[in-house]
Each structure stands twice: as structure tokens, then as C-alpha cells.
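Q: One structure, as C-alpha cells, below. Some questions next.
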Amino acid sequence: MAEIRINKLIKKYNVGLQELVEFLQKLGAQVDMNPNAKVSDEYVPALDKQYSKDLAMKEASEKIDIKLTEILENS
């Protein structure tokens, strides 16, 4: 099992540190309230399930930003 840093998960799922750490602790992870802390990647499927809506919104907002940038550049 590999480990992944909390700050990478925060960016991926577009959630706050406290919310993510509290969810991981509910799953049984021994993790500190530190963005540089590491957690096992075995929790990623549960995180995907929990934060799939947030992840979808983040991806949609990035698409809108790209389209807006293209429109502004072509004007």
C-alpha cells in the first residue's frame, strides 16, 4: 500500500482540511490535522464515493474556465 499526502487529496476533491481529516478519522485512519500528513491509499475508493459530487463540480468549473479563456483569447 502506498501513502498519499492530505494536501493532494484536498486539491483532488476540492474540500477543506478539517472536513477531509474528520471523514478519514471516521473511516478509522490515524491522521493528524496537517496537510503534509500521509494516509494510506486504501481510503481513496471511500473518498471517491463520498466526494464524487465535489470532484464533478471541480471538473465542470475547470471546463468552464478553459472555454472562457478561449473565448477571451479569440475576441
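Q: When you go through (1) surrounded by 14 or more Cβ atoms within 10 Å (Cβ to Cβ); (2) modelled with pLDDT under 90; (3) in a helix (DSSP H, G or I) one by one for LEU24, which number turns out not to apply?
A: (2)
Q: Could you give me the residue pairs with C-beta distances under 9 Å whose first residue belongs to the stretch 42-53 and is at pLDDT below 90, whose second residue is assigned to a loop (DSSP other than H, G, I, E, B) and not aliphatic (A, V, I, L, M) wherever it lies, and which are 6+ apart or on separate chains?
A: Partner pairs satisfying both residue conditions: TYR51/ASN14.
Q: Something else about it: Residues in the stretch 16-41 that are under 13 Å from ILE4 (Cβ atoms) and over 15 Å from the mean Cα position of the chain (by Cα): how many?
A: Result for the stretch 16-41: 2.
Condition check ((1) over 18 Å from LYS53 (Cβ atoms); (2) surrounded by 13 or more Cβ atoms within 10 Å (Cβ to Cβ); (3) touching a residue at least 40 places away in the same chain (Cβ under 8 Å)) across all residues:
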site	(1), (2), (3)
LEU9	no, yes, no
LYS12	no, yes, yes
VAL15	no, yes, no
GLU19	no, yes, no
GLY28	yes, no, no
PRO35	yes, yes, no
VAL39	yes, yes, no
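Q: Turning to a different aspect of this structure: In the stretch 10-60, how many residues are touching a helix residue (DSSP H, G or I) at 6+ places or on another chain (Cβ under 7 Å) and of a type in the set (Ser, Thr, Tyr)?
A: Looking only at that region, the number is 3.
Q: Has the stretch 46-56 got at least one residue that is surrounded by 14 or more Cβ atoms within 10 Å (Cβ to Cβ), touching a strand residue (DSSP E or B) at 6+ places or on another chain (Cβ under 9 Å) and over 13 Å from ASN14 (Cβ atoms)?
A: Checking the stretch 46-56: not a single residue is surrounded by 14 or more Cβ atoms within 10 Å (Cβ to Cβ), touching a strand residue (DSSP E or B) at 6+ places or on another chain (Cβ under 9 Å) and over 13 Å from ASN14 (Cβ atoms).
The values are calculated or read from the model by the stated rules, or taken from the named source; none is laboratory data. This is a predicted model, so every value here is computed, not measured. Methodologically, a virtual Cβ is constructed for each residue, glycine included, from the backbone with ideal geometry; neighbour enumeration extends over all protein chains shown.
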